Amino acid sequence: MTQVDPRPPAVRPAVDWRALAAVTVTVLAWASAFVAIRGIGTSFGAGQLALGRLLIGTTVLGLILLAKKMWVRPNRTQWIQIVSIGVFWFAIYNVSLNAAEQRVDAGTTSMLIQIGPILVAIFAGLLLGEGFPKWLVIGAAIAFSGAVMVGLVTALTTTDTTKTDADFLGIALCLVSAVTYAIGVLSQKPVLRGIPGLQVTWMACAIGALCTLPFAPALVEDVGTASTQATGGLIYLGLVPTALAFSTWAYALSRMNAGRLGITTYVIPPLTILLGWLLLGEIPHVLAVLGGAICLVGVGLSRKR
């Protein structure tokens, strides 16, 4: 006689729609940042642009934090992790990214930065105990191949509307940005277990601003000569890709696996190509569009359980 198992069937966890919405906001904002940086890079130096963006982000986040009246005192380990985020991800990353985009187009830069999530997935598995799920590995490989296709096509294609002026220094700066991004994410994940995401983001942003303060005199000079459009771009970078997107990223990271979340940023290169086409008049090659589609397939597979 067949016995009926009295235990209720396992229920798959519901989709965390808030985390998903936060990821969506982050990806869209960071994709737009590549185009904005490229667009106003002739008006602001790399360090000046980083400082201006971080000062705006620090101010806005500080006001929100003050209004919420939330503060958790970090311990020594958490301070080290937050300082690491501020120095590597907010300071070095931003300066190197801005300098890279003065030499490399937005699409290629966004592709090269995607080496960062691969490093995050690898080291999250090694250091944070997240392991290497089969679909994460497969999705990462597919998404990375698509990102490489986008970057190579963009880098090797010259048309009347877009010309890539990538050089060795520009590519090296992109790789520096990728590495410092990975260090920042890996430092952020454990500290979010005890400190609210908004507080971590504000502290890291403020530390990044302090690190880039030597660029203050040059920033004042650049603001004085920049066009209204360029200044508006700087304000946008401070408000949206910095204050908003880093906050939504921290929220998502506190609720998601670091490796899987990092892989979702592979959606950024095709979005950057599209925005560059619409806003900067850069027409993407058909193979770049194909590469973007491959990125999306990889991202989808990486989230399969």
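The mean sequence separation of alpha-carbon pairs under 8 Å and at least six residues apart, normalised by the residue count of segment 173-272, gives a relative contact order of 48 percent.
Sorting Arg38, Arg73 by accessible area puts them as Arg73, Arg38; the probe is 1.4 Å, largest comes first, and only protein heavy atoms count. Take the Cα of Leu290, step 7 Å toward its Cβ, do the same at Ile138, and the gap between the two points is 2.3 nm.
The values are calculated or read from the model by the stated rules, or taken from the named source; none is laboratory data. Just so it is clear, the model here is predicted, and its values are computed rather than measured. Don't worry about glycine lacking a Cβ; one is built from the backbone with ideal geometry, like all the others, and counts go over all protein chains shown. When the accessible area is computed, the model is the full protein with side chains, heavy atoms only, and any ligands, DNA or RNA have been set aside. Shrake-Rupley method; radii C 1.70, N 1.55, O 1.52, S 1.80 Å.
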